[in-house]
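Worksheet: one structure, shown below.
The values are calculated or read from the model by the stated rules, or taken from the named source; none is laboratory data. Bear in mind the structure is a predicted one, so any value in this text is a computation, not a measurement. Cβ atoms come from the backbone with ideal geometry, glycine included; neighbour counts cover every protein chain shown. Note: areas computed on protein heavy atoms with side chains; ligands, DNA, RNA excluded. Shrake-Rupley method; radii C 1.70, N 1.55, O 1.52, S 1.80 Å.
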Amino acid sequence: MKKLLILLPLAALFAFSGIAFAHGHGAEQEPRKAILVVSFGTSMPEARHAIDALVDEARKAFPDTEVRLAYTSNIIRHKIVKEEGLYIPTPMEALAKLQDDGFTHVYVQPTHIIPGEEFDDIARVVTALASIDGKYGFERIALGNPLLTDSDDCADLAAILYRTYQDKLGGDQAVVFMGHGSPHSANAFYSQMQLALEKVSDRFFVGTVEGFPSFDDMARRLEKSGARRVTLVPLMIVAGDHARNDMADAEDPQSWLSMLKEHGYRVDADITGLGENGEVRALFLQHLKALFD
Ligand code: CO
């Protein structure tokens, strides 16, 4: 009975001071920071190291910060569990786990090229979680930009691609980049990339599998250039299914490689995802760092 009487005023003090009880991870506590890298994913283990390399580099760049990975594609996630027993969470699940593990500041970095549908989906999750106060919320949650969000990004990527492929541009050569493409308005970034690439070389061409410019749009421009030899390169983070099949499959008459050969070009395919390029990963890290400033 006596003990209770002593404790009561103490409890009242905490209840009115608010902070200690209302926010389990309040201002007095050390912030616990985490980065969540969010990728579409790929079921091809040989293509996955591009994403894993970005995760490793984020760990090196932010040594006191937890770095985790999530995939957005359920088809790919389920396939990896089935084939390799490797479980990769969705962004929603990974963020819930970070919250449960006591992280207070979370920085979400997508590995997408354009701010399209996939990016919008991630942004919705981040916005929803940012609206939660109290026990189940984060003190801060922020979303990084995809690879291309403005003219500077396009110019930066064009400069990187020039440094990487300038030896494939001499004489009668050209380089054709195959992007994914989207019905989303952000698909316009592929046209912006074409213009940014034209500033560094008149032998760079962009086409997309599912958007504009199409293969035919690209092929028309390529023909006017007078090039006879073409190097095909995926304008995608990982050289997965689209790069290996839609772009480079020599057995498939519908692949870009076969169709360009049909048009009379000598064609080589460079099956290297943009994520395998250290300079491209540095651009993503730059977008991530901007969230911390
Ligand atoms: Co696709």
Condition check for H112: surrounded by fewer than 20 Cβ atoms within 10 Å (Cβ to Cβ) and either within 20 Å of R281 (Cβ to Cβ) or in contact with a Lys or Arg (Cβ under 6 Å, 6 or more places away or on another chain) (or both): no
task: Would you mention how many residues in the range 264-293 are outside any helix (DSSP H, G or I) and of a type in the set (D, E, K, R)?
output: 4
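For every residue, the table says whether it meets (1) among the hydrophobic types (A, V, I, L, M, F, W, C); (2) more than 16 Å from the chain's Cα centre (by Cα).
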site: S39; (1), (2): no, no
site: P45; (1), (2): no, yes
site: V55; (1), (2): yes, no
site: S73; (1), (2): no, no
site: K82; (1), (2): no, yes
site: L98; (1), (2): yes, yes
site: P110; (1), (2): no, no
query: Looking only at the range 133-144, which residues are modelled with pLDDT of 95 or more, out of contact with any Phe, Trp or Tyr (no Cβ under 7 Å at 6 or more places or on another chain) and over 17 Å from R32 (Cβ atoms)?
result: L143
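Rundown of residues vs (1) more than 17 Å from A158 (Cβ to Cβ); (2) among the acidic types (D, E), yes/no style:
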{"site": "S201", "(1), (2)": "no, no"}
{"site": "E210", "(1), (2)": "yes, yes"}
{"site": "S214", "(1), (2)": "yes, no"}
{"site": "R221", "(1), (2)": "no, no"}
{"site": "L232", "(1), (2)": "yes, no"}
{"site": "M236", "(1), (2)": "no, no"}
{"site": "A239", "(1), (2)": "yes, no"}
{"site": "R244", "(1), (2)": "yes, no"}
{"site": "A248", "(1), (2)": "yes, no"}
- request: Kindly indicate whether D153 is at pLDDT 95 or above, over 17 Å from P234 (Cα atoms) and open to solvent by 20 Å² or more (accessible area, probe 1.4 Å).
  value: no
